[in-house]
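Notes follow the structure.
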Amino acid sequence: KTRELRAKLILEETLETIRDLGFSMAIHNGALHQGLELSKNLIDDIAFNPTGKETLSGIADGCADIIVVTTGTLSACGIADVSIQREVDKNNLAKFGPGHSYREDGKLVKPPGHRPPDLEGVIEKQIRESQAT
């Protein structure tokens, strides 16, 4: 029940933020009938249609709510947020290393040899530290 609630809260806040960014969304290519399998290509099955109704206060509120909900989700899973965020931030900054590039849409492409953040290691360390106290 907790995981389902967290998933719904994250999606709700994300959809509200997308609306406040000035977009409506439509899912196409039969993705809805395929059960919206999560994959890197799922974003290609979603059309973002400009509404012209963006609001800076709504964007700010939505982004802040996403932070609150995702931090709460980490907490609900027994994961401390600060060390996880540090590891992800460090990894994202490393993407600007030699060989990085940008996709046509402006997204940063990881340089060759880029490794994902060691989140398992961070979580294992948190577990060891909590067991030691």
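Helical content of the chain, expressed as a calculated mean residue ellipticity at 222 nm, amounts to -17000 deg cm²/dmol (DSSP H runs of 4 or more residues, -39,500 (n - 2.57) each, divided by residue number, nearest 500).
A straight Cα-to-Cα reach below 19 Å connects LYS107 with the aspartates and glutamates ASP44, ASP45, ASP89, residues fewer than 8 places away in its own chain not being considered. Report note on the peptides 46-52, 11-17: ranked by the mean count of other C-beta atoms within 10 Å, highest first, their order is 11-17, 46-52. What are the lysines whose alpha-carbon lies under 18 Å from the alpha-carbon of LYS1, with same-chain residues fewer than 8 places away excluded? Partners found: none. Within the stretch 34-133, all pairs of alpha-carbon atoms sorted by distance into 10 Å bins from zero give the percentages 11, 24, 39, 21, 4, 0. Per residue, the chain exposes 76 Å² of solvent-accessible protein surface, assessed with a 1.4 angstrom probe and all protein chains in place. The distance linking the stretch 76-133 with the stretch 2-31 is 24 Å (Cα centroid to Cα centroid, whole angstrom). Taking the Cα centre of the chain as reference, the dipole from Cβ charges on Lys and Arg (+1) and Asp and Glu (-1) amounts to some 340 debye. Computed over protein heavy atoms with a 1.4 angstrom probe, the accessible surface ordering of VAL88, VAL68, largest first, is VAL68, VAL88.
For the chain, hydrophobic long helices are taken as DSSP H runs at least 24 Å long by C-alpha position along their axis with mean Kyte-Doolittle hydropathy of -1.0 or more; these are 2-20, 56-76. Of the trypsin sites (Lys or Arg not before Pro) in the stretch 60-101, the ones in a loop by DSSP (not H, G, I, E or B) with at most 14 other beta carbons within 10 Å are LYS95.
The values are calculated or read from the model by the stated rules, or taken from the named source; none is laboratory data. Everything quoted here is computed from the prediction, not taken from an experiment. A quick note on method: Cβ atoms are made from the backbone with ideal geometry, for glycine too, and the neighbour counts reach across all protein chains shown. Keep in mind that these areas ignore ligands, DNA and RNA; they rest on the heavy atoms of the full protein, side chains included. Shrake-Rupley method; radii C 1.70, N 1.55, O 1.52, S 1.80 Å.
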